[in-house]
C-alpha cells in the first residue's frame with residue numbers, strides 16, 4: 001500500500017528526530033555549529049529552519065544567488081525565511097566565480113550540450129567551496145539539504161550541493177518534505193512554488209525529470225519501499241512500464257552518488273569494506 | 001497482593017562510549033535508590049552501547065570491568081540491577097547478553113538467542129547466539145530476561161512461561177523507523193496473550209550516526225494492558241508497580257498454557273525439520 005503521506009503526530013516526531021540528529025553530530029565533534037546553503041527552495045528552507053531549532057544562533061545560512069539567473073523570488077524567499085525564523089545569514093553572489101570558469105573555456109566549446117551541463121554543475125560546486133570555507137574557518141559542519149527523491153534519482157551535483165557532513169532530510173521523499181515544511185511553519189508560497197535546481201534560467205525539476213513529484217514519489221515508493229519490480233509497479237500504479245523503467249534506470253545509474261569512492265581491495269582490512277566504525281565514534 | 005516496583009532506566013547509550021554510559025547508569029541507580037524500587041532495568045548492551053561497528057570488538061574488556069563494578073555496587077543496594085552487556089566465554093566468543101545482579105552477585109546471565117542480521121543489523125558479525133532460555137530465582141519470584149529480537153519470536157517467551165516465569169523483562173535497543181513503536185507494542189501484546197504474564201520492555205534512547213533509538217519503554221500487565229509508557233526519544237527514569245498475582249488469577253479460567261499439547265509441539269518440531277531440508 002502506498003503510504004507516503006505522514007500523519008500529524010509523525011510529522012512532529014520526525015521534526016524532533018531530525019533536530020536531535022543535527023545536535024548529536026555537533027555535540028560529538030565539539031563543532032561550533034553548522035552552515036546551510038539556503039537557496040530559498042523548499043529543501044534548504046526546511047533544513048535551515050530545523051538547524052536553527054537544533055543549534056540556535058550557531059547556524060549560519062549562506063544565500064548564494066547567481067544574479068540574473070537565480071530567480072529574484074528565490075532570493076527573496078531565502079531572505080523571508082531568515083527573517084521569519086531569525087536565522088544568522090550572509091548573502092554572497094557567486095557571479096564573479098562563475099565568470100572565471102567561463103573565461104577559461106574557448107567560445108565554440110561552450111555550445112556543446114555536455115559542456116553546458118558540466119559548467120552548470122560548476123555552480124553548486126562553487127557554493128560548496130563557500131560552504132566549506134565557512135565550515136573550516138568557523139569550526140562548523142556543512143548540513144546537506146538533499147531529500148530521498150533527489151538522492152534516489154541522482155538529481156544533485158556530486159561534490160556540489162550533495163557535498164555535506166550530514167543529510168538530515170534525506171530519508172524523506174519530496175512530497176513528505178512539503179508536508180514537514182508546512183508543519184514547521186514555512187510560508188505557503190515557498191511550499192507551493194515549482195521546485196528548481198537553478199542551474200539555468202527558467203529550469204524546473206518536474207519539466208527536466210518529465211514527471212510531477214507526486215508521480216515520481218509514487219513510483220519510487222513502489223520500487224524502493226514496497227520492493228516491486230518495474231513490471232509489478234507498472235500494473236500496480238496503472239502507469240506505462242517505460243515511464244517506470246526510466247525512473248528505475250536513474251536510480252541504478254546514480255548509486256555512485258550515494259557512496260564514498262570505491263576502494264580497490266588489496267588487504268584484509270580494506271577501509272570501505274572490512275573496516276566498520278561509526279562516524280560518531282567514542 | 002504480591003507486587004514489584006520496577007525502575008525503568010531508559011538511558012541514552014552510545015556505542016563505545018563506556019564512560020558516558022557508565023555515568024548515565026550510575027545516575028539512574030541513584031534514582032532507583034531514592035524511589036526505593038525492587039529492580040532497575042537498563043536497555044540492551046547498556047554498558048558498551050548498541051550500534052553497528054567493529055568497536056564492539058575493541059572494548060569488551062572495559063565493558064566487563066563496568067559489569068564487575070556494578071556487581072560491587074550492588075552489595076549495598078536494595079534494588080537488583082538488570083543490565084545489558086557483552087559477555088565473553090572461555091573460547092573468546094562474544095555474546096549479546098544481560099545479567100541480573102544483586103547483593104554482590106550475578107544471579108544469572110541470559111545470552112540473546114535470536115541475533116538480528118537483516119536490514120541495518122549486523123549482529124552475527126560480532127556475536128554468537130545463546131542457546132538456552134532460563135528463569136532466575138529472585139526475591140520477588142521467578143524472572144525471565146529476553147533481549148530485543150528474542151521477543152519477535154514466539155518460542156523464547158513460551159519457554160520462560162513453561163519454566164514458571166512470573167515476569168519477563170525485555171531489554172532492547174530498537175532503531176526507529178516508521179511505525180516501529182506500534183509494531184513493538186503488537187509483538188509484546190502477542191507474547192502476553194500467549195503466555196499470560198506481565199512484561200516490561202526497556203528500550204534505549206539517543207541517536208548515533210543518524211540512527212535513533214526511540215525509547216518509549218512499555219509496561220504491560222498479565223492481561224496485556226499497557227499500563228506505563230515512557231517518553232519517546234528522551235532519557236527517562238520511570239517507576240512501575242506491577243501486580244504479580246494477576247497472572248495466576250487469569251490462568252484459573254484461561255487454561256491455554258497448560259493445554260499446550262505435546263503431540264502438537266512434536267508436530268511443530270517435525271514441520272520445522274521438514275522446512276530445513
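Bear in mind that the values in this text are calculations on the coordinates, not laboratory data. Since the structure is predicted, the reported quantities are computational estimates derived from the model, not experimental observations. Every residue, glycine as well, gets a Cβ built from its backbone with ideal geometry; the counts of neighbours run over all protein chains shown.
Some observations on this one:
- When the Gaussian network model of chain A links Cα atoms closer than 10 Å, the mean-square fluctuations of A:164, A:97, A:54 top out at A:97.
- Efficiency of FRET between residue B:272 and residue A:227 - r from beta-carbon atoms, R0 25 angstrom, step 0.05: 0.40
- Theoretical FRET efficiency, 1/(1+(r/R0)^6), r = Cβ-Cβ of residue A:183 and residue B:57, R0 41 Å, to 0.05: 0.45
- Cα gyration tensor shape of chain A, rounded if a/c is under 1.5, else prolate or oblate by comparing a/b with b/c: rounded
- For segment A:8-193, the relative contact order comes to 26 percent (Cα pairs under 8 Å, sequence separation of at least 6).
- Choice from A:238, A:56, A:154 showing the highest fluctuation, given a GNM over chain A with Cα pairs closer than 10 Å: A:238
- Peptide B:208-218 shows a mean partner chain C-beta count of 4 within 10 Å per residue C-beta.
- Each Cα pair under 8 Å and six or more residues apart adds its separation to the average, and for chain B the resulting relative contact order is 19 percent.
- Segment B:3-251 shape via C-alpha gyration tensor axes, a/c threshold 1.5: rounded
- Measuring r between the beta carbons of residue A:158 and residue A:7 and using R0 = 56 Å, the FRET efficiency lands at 0.95.
- Listed by Cβ neighbour count within 10 Å, with the fewest neighbours leading, B:148, A:270 appear as A:270, B:148.
- Just checking the listed ones, B:243, B:134, B:203: in the Gaussian network model of chain B with Cα springs under 10 Å, the one fluctuating most is B:243.
- Listed by Cβ neighbour count within 10 Å, with the fewest neighbours leading, B:76, A:161, B:150, B:58 appear as B:76, B:58, A:161, B:150.
- Fully extended contour minus Cα-Cα distance, from residue A:76 to residue A:253, at 0.36 nm per residue: 60.2 nm
- For A:160-171, mean number of other protein chain Cβ atoms within 10 Å: 1
- Global geometry of the protein assembly as shown, whether rounded, prolate or oblate, following the gyration tensor of its Cα atoms and the 1.5 cut on a/c: prolate
- For the pair segment B:114-176 / segment A:198-261, the C-alpha centres are spaced 41 Å from each other.
- Label-to-label distance, nm, for residues given as residue B:177 and residue A:271 (7 Å Cα→Cβ offset): 3.0
- Sequence of A:21, A:73 once ranked by neighbouring C-beta atoms within 10 Å, starting from the fewest: A:73, A:21
- Number of partner chain Cβ atoms within 10 Å, mean per residue of B:223-235: 1
- Fully extended contour minus Cα-Cα distance, from residue B:30 to residue B:234, at 0.36 nm per residue: 71.6 nm
- Over the protein assembly as shown, dividing the summed -39,500 (n - 2.57) contributions of all DSSP H runs of at least 4 residues by the number of residues returns a 222 nm mean residue ellipticity of -12000 deg cm²/dmol.
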